[in-house]
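Reading through the structure tokens given below for one structure.
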Amino acid sequence: GQQLNQSPQSMFIQEGEDVSMNCTSSSIFNTWLWYKQDPGEGPVLLIALYKAGELTSNGRLTAQFGITRKDSFLNISASIPSDVGIYFCAGQLKAGNNRKLIWGLGTSLAVNP
Amino acid sequence: DAGVIQSPRHEVTEMGQEVTLRCKPISGHNSLFWYRQTMMRGLELLIYFNNNVPIDDSGMPEDRFSAKMPNASFSTLKIQPSEPRDSAVYFCASSLRDTQYFGPGTRLTVL
């Protein structure tokens, strides 16, 4: 099925460093979502973006909806050990009742204390 | 508030056996999604329901997989007969608008 191009695939950083990851698509989306998955759990929503160019923050997290509506990035500032996990981007193109999300393959983040 | 509830959390079965996974969505949500997650293929949407009606089942791998939603508070995903390649984590998610809320998943191992 269709997937988003998410990069990097994995990151290993030192505590306190900033992190950046992004997603690109050949399709235009109306909504971009960023989720985090902890081991043994389901993904949890971090940030939702609804307008092209929108920049939204949630604590140390900042995400932007690209102007072309084909990309998005997520930044984490001053990383801490509990940021460890897999981060997923997801795009949605609403058409009628269609609420289907298209998912990236994830960015696995490891933080060295 | 109770989130999405899935059962069982873990299932180990032998090839050829029938497997039934269960999901209780968040009360008031009108959309329900079944996903499969593997290392190789990531999160794959299998099927989703809107107001208990299947809207898109294009992700269902083959006829061995079936899903039902008899009412707004319950859904099942059945695999019959199961095969080793079905081993994965199966997630159920529900939503009212854009945000999908995921359950803890069922880890299925088919020997």
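Readers should treat all values here as calculations from the given coordinates under stated rules, not as data from a laboratory. This structure is a prediction, so every number in the text was calculated from the model and none was measured. Glycine also receives a Cβ, built like all others from the backbone with ideal geometry; neighbour counts cover every protein chain displayed.
Screening region A:13-63 for strands (runs of 3 or more DSSP E) wholly inside it with 3 or more residues that are away from chain B (no Cβ under 11 Å) and either of a type outside the set (Phe, Trp, Tyr) or in contact with a Phe, Trp or Tyr (Cβ under 7 Å, 6 or more places away or on another chain) (or both) returns the ranges A:19-24, A:55-58. If the condition is being among the acidic types (Asp, Glu) and either buried (at least 20 other Cβ atoms within 10 Å of the Cβ) or within 14 Å of another protein chain (Cβ to nearest Cβ) (or both), then region B:53-67 contributes B:Asp56, B:Asp57. Can you find even one residue in region A:79-87 that is farther than 20 Å from A:Gln37 by Cβ, assigned to a strand (DSSP E or B) and either in contact (Cβ under 8 Å) with a residue 40 or more places away in the chain or more than 14 Å from every other protein chain (Cβ to nearest Cβ) (or both)? So far as region A:79-87 goes, no, none of its residues is farther than 20 Å from A:Gln37 by Cβ, assigned to a strand (DSSP E or B) and either in contact (Cβ under 8 Å) with a residue 40 or more places away in the chain or more than 14 Å from every other protein chain (Cβ to nearest Cβ) (or both).
Anything in region A:64-78 that is out of contact with any Phe, Trp or Tyr (no Cβ under 8 Å at 6 or more places or on another chain) and either in a strand (DSSP E or B) or within 20 Å of B:Asp57 (Cα to Cα) (or both)? List them, or say none. Residues satisfying the conditions are A:Asp71, A:Phe73, A:Asn75, A:Ile76.
No other residue among B:Ala93, B:Ala72 is in contact with a strand residue (DSSP E or B) (Cβ under 7 Å, 6 or more places away or on another chain), on the phi < 0 side of the Ramachandran plot and of a type in the set (A, V, I, L, M) apart from B:Ala93. Selection over region B:60-94 of residues that are out of contact with any Leu (no Cβ under 8 Å at 6 or more places or on another chain) and within 16 Å of B:Asn50 (Cα to Cα) gives a count of 6.
Residues in region A:88-113 that are surrounded by fewer than 23 Cβ atoms within 10 Å (Cβ to Cβ) and outside any strand (DSSP E or B): A:Leu93, A:Lys94, A:Gly96, A:Asn97, A:Arg99, A:Lys100, A:Leu105, A:Pro113. Identify all residues within region B:12-40 that are of a type in the set (D, E, K, R) and surrounded by fewer than 17 Cβ atoms within 10 Å (Cβ to Cβ); write none if there are none. Correct list: B:Glu14, B:Glu18, B:Arg22.
Within region B:63-111, being free of Cβ contacts under 8 Å to residues at least 60 places away in the same chain, within 16 Å of B:Gln17 (Cβ to Cβ) and either in contact with a helix residue (DSSP H, G or I) (Cβ under 9 Å, 6 or more places away or on another chain) or not hydrophobic (A, V, I, L, M, F, W, C) (or both) holds for B:Arg64, B:Phe65, B:Ser66, B:Thr76, B:Arg85, B:Ser87. Residue count for region B:68-111, restricted to those that are outside any loop (DSSP other than H, G, I, E, B) and more than 8 Å from every other protein chain (Cβ to nearest Cβ): 23.
Residues in region A:1-12 that are more than 14 Å from chain B (Cβ to nearest Cβ) and exposed (fewer than 14 other Cβ atoms within 10 Å of the Cβ): 2 in all. Among residues of region A:43-82 being small (Gly, Ala, Ser) and closer than 15 Å to A:Trp103 by Cα, the one that is surrounded by the most Cβ atoms within 10 Å (Cβ to Cβ) is A:Ser72.
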